Amino acid sequence: MKVVNQPVMKKDAMSLVTGKPVFLDDVVPDNALVVKVKRSPYAHALIEEIKIDTALKVPGIEAIYTYKDVPDIRFTMAGQTYPEPSPYDRLILDQRVRFVGDAVAIVAGENEKAVEKALRLIKVKYQELEPVLDFHTAKDNPILVHPEDNWESKCPVGADNKRNLCASEVSGHGDIEAVLKDCDLVVEHTYHTKADQQAMMETFRTYTNMDAYGRLNIISSTQIVFHVRRIVATALGIPKSKVRVSKPRIGGGFGAKQTLVAEIYPAFVTWKTGKAAKMIFTREECQIASTPRHEMEVTVKVGADKDGRIRGIDMYTLSNTGAFGEHGPTTVGLSGHKAISLYGNLEAHHFAYDVVYTNHMSAGAYRGYGATQGIFAVESAVNELADRLGMDPVKLREKNMVRQGEVMPSYYNEVNASCALDRCMARAKEMMHWDEKFPARDMGNGKIRSVGVAMAMQGSGISGVDVGSATIKLNDEGFYVLRIGAADMGTGCDTILAQMAAECLSCGVEDVDVFGADTDGSPYDSGSYASSTTYVTGMAVVKACEKLKHNIIARAAQILDCPEEELEFDGKTVSGEKGRVPLADIATSSMCGNNIPMEVSESNSSPTSPPPFMVGMVEIELDKETGVVELLDYVAVVDCGTPVNPNLARVQTEGGLGQGIGMALYEDIQYNAKGKLWNNSFMQYKIPSRLDVGRLRVEFESSYEESGPFGAKSIGEIVINTPSPAIAHAVHNASGVWVRELPITPEKIWKGMQEKNED
Amino acid sequence: MLNIREYVKVQSLEEAYELNQKRTNKIIGGMLWMKMGDRNIQKAIDLSGLGLDQIEEEEEEFRIGCMTTLRELELHPGLDAYTGGALRESLRHIVGVQFRNLATVGGSIFGRFGFSDVLTLFLGLDTYVELYKGGIQPLSTFAWSKRDNDILVRLIVKKKPVRIVYQSLRLTRTDFPVLASAVVCLDGKWQAVIGARPQRALLVEDEEKILEGGLTEENIRKFVAYVTKKTPTGSNMRAGADYRSHLVEVQVRRALEEMRGETNAD
Amino acid sequence: MQINLKLNGKLIKEEIADELLLIDFVRKHGCYSVKRGCETANCGLCTVFLDGKPVLSCSLLAARANGREVTTLEGLQEEAEEIGSFVANQGAEQCGFCNPGFMMNAIALFRENPDPTDEEILEYLSGNLCRCSGYEGQLRAMKNYIAWKKEKQEVGA
């Protein structure tokens, strides 16, 4: 391979590092109305009265909308393929507010100052209601978050709004009770992860205007242009043909922008007023009214024999979807399917879950999408099992990990077609010098150094659902334009897909321009989420390029007047016995008297979702007196199939580790007794700085996935999954304390050590 | 959102003082904390034209203008040498270089914030504030006096012989401290300042002269217990009171052990 | 009020609202590299130079820049390309939204300290948050840049 598997510089890299104006707020006209939302101070209340007359008189105010002004159409803002598993539980504005920060009114005005003033002048009389704040008591609570009759669940996910249930399911194979009963040892613990924020640097933002054809034109920082088109049209009750959505460069997404967050408000304003509108979320709004990770409490039972054979895993996940159900029914599934399946040859597994509504901010999609939560639980439980068995946790895993070729009953019975997890473990062990370092060394200065380990997996797209498409066109002088509906949000998919096209067409990456994403201009793509783009859309690129290559040869055959079979295309020239035609000439000739399309489009969907695998190992230094953890070294070895761009795959991994470390050690979500979030800024929600992540070392051990483009699987999400369990493990090896609730703070470790000393 | 009607770069302290008597007018330091609040300010009073951004080192004292930035403090060789690096240690964790290039020492001290590393450090030294009307008073008095409309003109640090160890525990390296401390031997007198309790920093003097008998294991243990007992701690989102009190013990003991180590090494 | 300042070498005389923040002033003048990432002076995305020193333009009144010199990445394109190409070679720019602020502070670092240690790099740049990269690639880029710079000087000498 000449272009694929090469560390090609991202096509937009130099623009980005030199600060060129390529993001939404840099490129949209500045004459748009400023749109802001008035937010509820209560976790649960009914609006009894809302007065906007004084606010409307503020000079520069264009419009103010309340629940009385919006269509009575419930919808979901989750960017998912229709019919969405997420319940239709929202109105654009509702008389019932369901969390502190929920939208009460939309204000549009000429400038920020006027809008801020109007927001203050809107007078609302609330009937305060008792909120459901503890997700343990949400199910079957007499207080309902969604009592409304027009609430609707379009898919059979076990949802029931009259029970505060967003989803509920039980699955498994074998007789778990019998197997666990027969095990020599069963470890059972409950693990708790918080509703962490994606915290991408660019907050949510959307610009809307009416185009020359009377259509609503939406430019948004989104991962899902096609879903945005459908959802906005649904919410506004207008034909989908009336909406166009495109995206500029995106300042990070991590799943946050797989849900509509800002879009609907300016869209509504523009549709009503006919005027251009723009909404830019503040960081505070991002923190309190967005779409973070689902808080989950996962109870795991792992049963094994004395020799370390893991025989059964039983798991129950309680997931908190908050006030609305976006991604509630789907994230939870991954907590089991993508954690239990790390272990092969289980005699039985059982996985049950409830996803409940509460009066907290609603959750959504965040890198890892439930797998992160489940893997923290299962990998921690396996580490606890190793401890109880007195066995090296690496050896325990070597004995039990899923292997290539095995059927995975907890993973939709898919065959594990490509898997280098064993090699990942071997290499990580070498890099970490595990055998010398496990479990811990007392440094003699009050510090103790220890190591921890975890494995992870994810998927590559949603099997049988995700659709990726690519359109490739040959242009004058022989350059190509690749049009996609996938969204590069910094991940580099524009470049990666261009690399694949270049590989297929035997040209350079610079010969392939990339366009995307735009619902009018791009072929359909579900969007960039679920680790799908490289694997699903990548294959569409390969198919489209093969077809275009065929057409190029066909045109050359016409020119040379010979059968196609006699001709070969080397990227620059089509040649055969009858002569040769340069690509540029074929391109030129295609624009004159030609019936063979030099633009082809292909779609791709995969019946399977081949998991990438990885191993993470961490070395920490623990201060025995204060419980402070210093990260010394993090080793990650990843099997993402063929890394299409090793540089970008490496940085994806390092970035995911950084976020995972934030989740493990620093990022906390704390509500007060009335349901108000304290961590409402970067001052109070501490994502790691560059002094907080230690050193990260990444390597690849590649399997080859036959169903993927050039053997590739996914990389985007899996990389966030190992830090929490690996660090929790290292903390235990240093302190004897298992911290089962994230983040692992020095105080929790210290308290744990105190309790141990008292025992 | 911060609303400012008028920006006034004053020509004199008198002008600033007069303007500052009105409740809705405010003196702006680095404006970092002020900007985060929701408030309406009629006149934002800027002292930056008054040459108060200088650190003057004299034989007996440092005179630090209120508009001196934290970064300037951090990089001042005289202060660094005098505090044996403790001043730099107290500042380098504060958010980032760009932040410290704006934040002023006057703003940090005048705010009397509980989380203030700057207040914690300077309380440990023989520090005075010079107020425009109120004259010169010890920082320890100022730290606990009510906010009024006077102007903090400069900080004066007397160059008494000092040994000081500054420590802070932070959840991330650039976060507010969970607990900060300065343990000090100032001209032979021992004291500890505990900051981010999370309430404002508290100066605990060795009134029982525990450490005057030397840094023996026994004396250290007693002094640690003494400071811990005298230092009320509280809980906030970063940690609970118990843990903070434990940190008081650990930090004060470690500081003293470090100092004893240095003494032995001498 | 009226202010006179130099923005990227260009003199600007303008009537502004007293409360206008420097970030909004420079963006209005086409310096779109300057970004807002938080409202609490934590992220470093809005870093500009004020008389050569890196500061947070989100927290500074434009009025305070009166009579002074303001520099954004638009005015430092050569250095941005030179240092930035090392970031790009790692793929460490990722989404790119934090890059301009990061580049500004990296330029400030190298002006103050042309040969920093890893620790010095990390500490100086700790006020520049990035959510994509995990920072490791940025560190590699800075180290490669320093090595290249040294090599260039040696060749030159």
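Structure summary
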read-out	value
Members of the stretch C:51-81 that are more than 10 Å from chain A (Cβ to nearest Cβ) and open to solvent by 10 Å² or more (accessible area, probe 1.4 Å)	C:D51, C:G52, C:K53, C:R64, C:N66, C:G67, C:R68, C:E69, C:T71, C:G75
Verdict on C:L109 being within 16 Å of the chain's Cα centre (by Cα), under 24 Å from A:V651 (Cβ atoms) and within 14 Å of chain B (Cβ to nearest Cβ)	yes
C:A92 vs. criteria under 28 Å from C:L22 (Cβ atoms), within 14 Å of chain B (Cβ to nearest Cβ) and either crowded, with 24+ Cβ neighbours inside 10 Å or aliphatic (A, V, I, L, M) (or both)	no
Residues located in the stretch B:123-170, provided they are of a type in the set (V, I, T), closer than 14 Å to B:C66 by Cα and either open to solvent by 30 Å² or more (accessible area, probe 1.4 Å) or modelled with pLDDT under 95 (or both)	B:I136
Qualifying residues in the stretch C:1-50 (those that are away from every other protein chain (no Cβ under 11 Å) and of a type in the set (K, R)) - the one least open to solvent (accessible area, probe 1.4 Å)	C:K6
Qualifying position, being at pLDDT below 95 and either open to solvent by less than 10 Å² (accessible area, probe 1.4 Å) or within 14 Å of another protein chain (Cβ to nearest Cβ) (or both), among B:G261, B:G213	B:G261
Residue match in the stretch A:190-202 (condition: away from chain C (no Cβ under 14 Å), out of contact with any Ser or Thr (no Cβ under 8 Å at 6 or more places or on another chain), in a strand (DSSP E or B) and over 28 Å from A:T259 (Cα atoms))	no
Subset of the stretch C:119-157 (residues that are hydrophobic (A, V, I, L, M, F, W, C), within 10 Å of another protein chain (Cβ to nearest Cβ) and surrounded by fewer than 24 Cβ atoms within 10 Å (Cβ to Cβ))	C:I121, C:L122, C:L139
Helices (runs of 4 or more DSSP H) contained in the stretch B:12-94 and holding at least 3 residues closer than 22 Å to C:N66 by Cβ	B:13-20, B:32-36
Selection status of A:A108, more than 14 Å from every other protein chain (Cβ to nearest Cβ), buried (at least 20 other Cβ atoms within 10 Å of the Cβ) and of a type in the set (A, V, I, L, M, F, W, C)	yes
Wholly within the stretch B:170-266, strands (runs of 3 or more DSSP E) carrying at least 3 residues that are under 30 Å from A:D692 (Cα atoms) and out of contact with any Ser or Thr (no Cβ under 6 Å at 6 or more places or on another chain)	B:177-186
Residue among A:E755, A:E741, A:E747, A:E699 that alone is away from every other protein chain (no Cβ under 14 Å) and either open to solvent by 10 Å² or more (accessible area, probe 1.4 Å) or more than 23 Å from the chain's Cα centre (by Cα) (or both)	A:E741
A:Y357 vs. criteria under 28 Å from A:K676 (Cβ atoms), among the hydroxyl-bearing types (S, T, Y) and open to solvent by 10 Å² or more (accessible area, probe 1.4 Å)	no
Enumerated helices (runs of 4 or more DSSP H) restricted to the stretch A:215-325, each holding at least 3 residues that are among the basic types (K, R)	none
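Okay, residues lined up against (1) among the small types (G, A, S); (2) open to solvent by 60 Å² or more (accessible area, probe 1.4 Å):
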residue	(1), (2)
B:R5	no, yes
B:Q21	no, yes
B:M31	no, no
B:M34	no, no
B:G37	yes, no
B:I41	no, no
B:E56	no, yes
B:M67	no, no
B:P77	no, yes
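Results for (1) over 26 Å from the mean Cα position of the chain (by Cα); (2) within 14 Å of chain C (Cβ to nearest Cβ); (3) open to solvent by less than 20 Å² (accessible area, probe 1.4 Å); (4) not hydrophobic (A, V, I, L, M, F, W, C), shown as yes or no for each residue.
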position: A:M1; (1), (2), (3), (4): yes, no, no, no
position: A:K10; (1), (2), (3), (4): no, yes, yes, yes
position: A:T18; (1), (2), (3), (4): yes, yes, yes, yes
position: A:V22; (1), (2), (3), (4): no, yes, no, no
position: A:V28; (1), (2), (3), (4): yes, yes, yes, no
position: A:L33; (1), (2), (3), (4): yes, no, yes, no
position: A:K38; (1), (2), (3), (4): yes, no, no, yes
position: A:Y42; (1), (2), (3), (4): yes, no, no, yes
position: A:I52; (1), (2), (3), (4): yes, no, no, no
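The values are calculated or read from the model by the stated rules, or taken from the named source; none is laboratory data. Values in this document were obtained by computation on a predicted structure and should not be read as measured data. Don't worry about glycine lacking a Cβ; one is built from the backbone with ideal geometry, like all the others, and counts go over all protein chains shown. Please note that ligands, DNA and RNA were not included when accessible areas were found on the heavy atoms of the full protein model with its side chains. Shrake-Rupley method; radii C 1.70, N 1.55, O 1.52, S 1.80 Å.
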